[in-house]
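Encoded as structure tokens, the structure appears first; notes follow it.
Values quoted throughout were computed directly from the atomic coordinates according to the rules given, and no laboratory measurement underlies them. Predicted model, so just to flag it, every value in this text is computed and none were measured. Reconstructed Cβ throughout: ideal geometry from the backbone, glycine too, with neighbour counts over all protein chains shown.
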Amino acid sequence: MTPKSGRPCVENQVRTYPHLDAPNMAARKAKSAKECETRPVAKAHQGVLVLVAHPVRARREMIVRSLTGFGYECRSAPTAACAEASIGEGVGSILLMAESIADEIPSARSVETVILLCEKTDTRAARRALELRCDDFADEKCEPNEFESMFLRAAAARGSASARERRLRGLCRKLNASRRELSNELTRLCSEMTESYAELAGKIDTVAIAGEFTGLIRQEIELESLMRTSLEFLLAKLGSTNAALFLPSSSGDWTLGAYVNYDRAKDSAEMMLDHLADTVPCRMDEIGSTVLLEGEAQVKRALPGAVEWLGDCTVLAAPAAHEGETLACVLLFRDRSVPFPEHARETLESLSKILASQFGRVIKVHHRHLPREEWASPGDPFPSHSEELEDQDDRDLLA
């Protein structure tokens, strides 16, 4: 039977395509599945470069070939020098180095992951890996998946180490902050202790001077002798200076009782001190405490009537008050370039109280024959030291 087209017709003919038979289809499916599995692995290994340092070419190429087939990018180094150069250039985030050349690669620890390749994995190899500070050790002939497990373990260990490092860094920052705070606190405490020690030392010196002064003037019942002894003691403790001791008179004014001229003109010193007697004692009686004045500005502010006489001096003045009454006024002054000692103000304040107490004893002795309200009567003379003390109270005062 011939068709109209003229082409022969073959009945019961079966056409077959070799590439579509069952065995070939199974092979193609397996190959496709393998490619699908390899593609994500290769993608996961992107950016991971393995440097294989091994002096034996066959072993080195075998490791490179197996890891390349597993998706890793590899570089080989036949010698330790080549490995050093590659590490110096930043090639490789994983280093596989043979045990035979490991000692010749000192920069191996700068690589993220280091694995020691040994001919035999035993305790000696483990000890050697620890000595070289490697992350792991492996048999040179192990499978790529075993290398993969080692890489993952090293990465996990590195992550744990990084977390631990971050935690330790945080603790270090906190400890450093605490250390700075403690250091500042210790500095402050040391400063306060130094100041307290200096203050205590000054007070001890003042107490010692006060005890010495008390023992020196306690037996002085003559007014002139008491003033002379007091000024001599002040000059011995505070240094050479101009000094004046003012006393109240029965008329209510103040007079110059005793003085020491240190650096003023001899013919004008007494006149100057007489003028100061009209201004300084009254002002100090109002102030009621010891003052240390340094320079003309401070003198003008505290003792305005004395600035034209004292000028640009350092002035130390104190009222000697006893039982609410000022019995004397002490004035010390000298050039500003020669200041008084550090604790001069506290010393004079303490000595002025002792001096006032002794003035009170002298007044009580010399006015013992008069009622207390008449002790300041005008014209009342001071008896001489030779007069006898008649009653027991007077004898107790001199004891």
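So, ALA156, is that one more than 30 Å from LYS353 (Cα to Cα), more than 21 Å from the chain's Cα centre (by Cα) and in a helix (DSSP H, G or I) or not?
Considered against the rule, which asks whether it is more than 30 Å from LYS353 (Cα to Cα), more than 21 Å from the chain's Cα centre (by Cα) and in a helix (DSSP H, G or I), ALA156 comes out as yes.
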Test for SER183: is it in contact with an Asp or Glu (Cβ under 8 Å, 6 or more places away or on another chain), of a type in the set (S, T, N, Q), in a helix (DSSP H, G or I) and free of Cβ contacts under 8 Å to residues at least 24 places away in the same chain: no
Of the residues in segment 110-130, those that are more than 50 Å from the chain's Cα centre (by Cα) and of a type in the set (Val, Ile, Thr) come to THR121, THR123
Test: residue in segment 224-240 that is in a loop (DSSP other than H, G, I, E, B) and over 19 Å from HIS343 (Cβ atoms): no
Options SER107, SER178, SER100; residue that is closer than 19 Å to HIS54 by Cβ, under 42 Å from the mean Cα position of the chain (by Cα), in a helix (DSSP H, G or I) and among the polar types (S, T, N, Q): SER107
Considering each residue of segment 209-248, count those that are free of Cβ contacts under 8 Å to residues at least 24 places away in the same chain and farther than 22 Å from THR314 by Cα, and give that number. 6
Scan segment 291-306 and report the pairs whose first residue is farther than 16 Å from CYS329 by Cβ and whose second residue is assigned to a strand (DSSP E or B), with Cβ atoms within less than 6 Å and a gap of 6+ or a chain change. GLU294/THR314
State whether the residues of segment 78-87 include one that is assigned to a loop (DSSP other than H, G, I, E, B), within 13 Å of VAL50 (Cα to Cα) and under 54 Å from the mean Cα position of the chain (by Cα). no
Odd one out for SER251, checked against (1) of a type outside the set (Lys, Arg); (2) in contact (Cβ under 8 Å) with a residue 12 or more places away in the chain; (3) surrounded by 13 or more Cβ atoms within 10 Å (Cβ to Cβ); (4) more than 19 Å from ALA344 (Cα to Cα): (3)
Can you confirm whether ARG218 is surrounded by 10 or more Cβ atoms within 10 Å (Cβ to Cβ), basic (Lys, Arg) and closer than 30 Å to ILE363 by Cα? yes
